[in-house]
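Undergrad: What follows is a structure written as structure tokens; I'll ask about it next.
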Amino acid sequence: MGLDSLVNASDEVVPYGGKSAFTQLEHNIVASYLITAGIVSLASNIVVLLMFVKCKELRTATNAIIINLAFTDIGVAAIGYPLSAASDLHGSWKFGYTGCQIYAALNIFFGMASIGLLTVVAIDRYLSICRPDIGQKMTVRSYTLLILAAWLNAVFWSSMPIVGWSGYAPDPTGATCTINWRQNDASFVSYTMAVIAVNFVVPLGVMFYCYYNVSITMKRFKASNCLENLNMDWSDQMDVTRMSVVMIVMFLVAWSPYSIVCLWASFSDPKNIPAAMAIIAPLFAKSSTFYNPCIYVVANKKFRRAIIGMLRCQTRQRMTINIEVPMTASQIPLTQ
């Protein structure tokens with residue numbers, strides 16, 4: 001049976017009792033959430049990008065990572081939210097086999113790109129604070145290669161299910177598409193284990209190592225009253241590091257339920273996964289798109305000043321915020 005007929009056959013669309021695990025009212029509630037979250041995410045991330053366009057001081061090599069993160073959020077908000085919301089209002093996936101493959105691949109692509117870019121942020125923090133001897137040698141080309149590596153890694157892992165390593169299919173609610181964890185064969189298990197290892201465990205290990213050493217280094221300099229030897233603004237460094245750590249913690253919160261579902265499906269009967277867990281996991285994963293802009297504003301006072309100034313329509317001359325984050329070589333303007 002083809003996937004289109006699978007989607008249209010209510011008796012086979014989900015493994016829970018032969019019908020959708022949710023009532024149409026519940027689908028409508030999920031759709032309302034997706035529409036609201038999509039609008040908030042799209043608007044807030046566009047504001048972030050406009051802030052970078054308006055404030056030339058923001059366009060540094062390091063902040064290019066944040067710009068790329070905003071693009072991943074916009075991608076999910078512009079593609080993932082609308083298609084999923086429309087399907088929930090319809091009560092089942094309504095864009096056919098091709099739409100399912102494209103939708104699922106793009107969501108995985110942007111998710112993998114996000115965690116790759118967050119890993120690059122952690123590496124940048126480590127090199128800037130703990131290894132300035134290496135950090136000072138970083139160039140715009142170095143940052144470009146790191147960012148490109150994050151995107152290429154996302155391309156690889158999101159395309160594998162399309163070419164036959166695991167696969168994409170509607171989830172148990174039938175209203176969205178994701179990795180086909182209902183078919184937990186060897187292909188799915190091997191793909192899931194590889195993705196979790198390469199795009200979850202390893203990045204989190206790198207992030208933990210980087211931020212642990214950043215914390216130790218900062219405490220050591222603070223205790224010895226030698227902060228001036230760092231040749232950088234202590235307040236700015238604390239702001240950016242705090243912002244980065246919060247982003248990573250929230251990303252972990254967002255993607256952990258999805259990882260748990262995939263692991264559960266790999267080592268147990270997928271039919272035993274609660275219906276609520278099946279829908280909450282992808283919703284949590286999508287939530288990372290709209291809280292990142294909030295983190296930029298709350299955790300970093302210079303981002304906050306820039307956005308407030310832009311929203312108040314201040315001219316560039318009046319927006320004297322000195323927004324660039326002083327990170328040795330990472331201060332290099334992208335125009336150079």
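Only the coordinates and a few stated rules stand behind these numbers; no lab work does. Quick caveat: nothing in here was measured; it's all calculated off a predicted structure. Counting neighbours? That spans all protein chains shown, and the Cβs are built from the backbone with ideal geometry, glycine included.
Undergrad: What are the extents of the Cα atoms of the range 58-135 along their three principal axes, listed from largest to smallest and rounded to whole Å?
TA: Here the Cα extents, ordered largest to smallest, are 56, 22, 16 Å.
Undergrad: Something else about it: What are the chymotrypsin sites (Phe, Trp or Tyr not before Pro) within the range 70-127 that DSSP puts in a loop, where the Cβ has at most 15 other Cβ atoms within 10 Å? Intermediate values should be presented prior to the final figure.
TA: Working: sites: 71, 93, 95, 97, 103, 109, 110, 126; in loops: 93, 95.
Nothing satisfies the criteria.
Undergrad: Applying 1/(1 + (r/R0)^6) with R0 = 22 Å to the Cβ-Cβ distance of residue 53 and residue 294, what FRET efficiency is obtained, to the nearest 0.05?
TA: Result of the calculation: an efficiency of 0.65.
Undergrad: Based on the Cβ-Cβ distance from residue 145 to residue 186, what FRET efficiency comes out when R0 is 25 Å, to the nearest 0.05?
TA: 0.10
Undergrad: Roughly how many nanometres apart are two label points built 7 Å out from the Cα toward the Cβ at residue 242 and residue 277?
TA: Result: 3.7 nm between the two label points.
Undergrad: Need one number: nm distance between label points at residue 263 and residue 217, each 7 Å from Cα along Cα→Cβ, rounded to one decimal.
TA: Each label point is offset 7 Å from its Cα along the Cβ direction, giving 3.1 nm.
Undergrad: Quick one: if you stick a label point 7 Å off each Cα along the C-beta vector at residue 94 and residue 36, how many nm between them?
TA: According to this spin-label approximation, the distance is 2.1 nm.
Undergrad: Using Cα pairs closer than 8 Å and at least 6 residues apart in sequence, work out the relative contact order for the range 108-210, in percent.
TA: Relative contact order comes out at 34 percent.
Undergrad: Then there's this: Determine the distance separating the Cα centre of the range 41-72 from the Cα centre of the range 164-200; give it in Å without decimals.
TA: Cα centroid to Cα centroid, the span is 32 Å.
Undergrad: Can I ask one more? Assuming R0 = 41 Å, can you tell me the calculated FRET efficiency for the pair residue 102 and residue 208, based on Cβ-Cβ distance, to the nearest 0.05?
TA: Step by step, r from the Cβ atoms, then E = 0.75.
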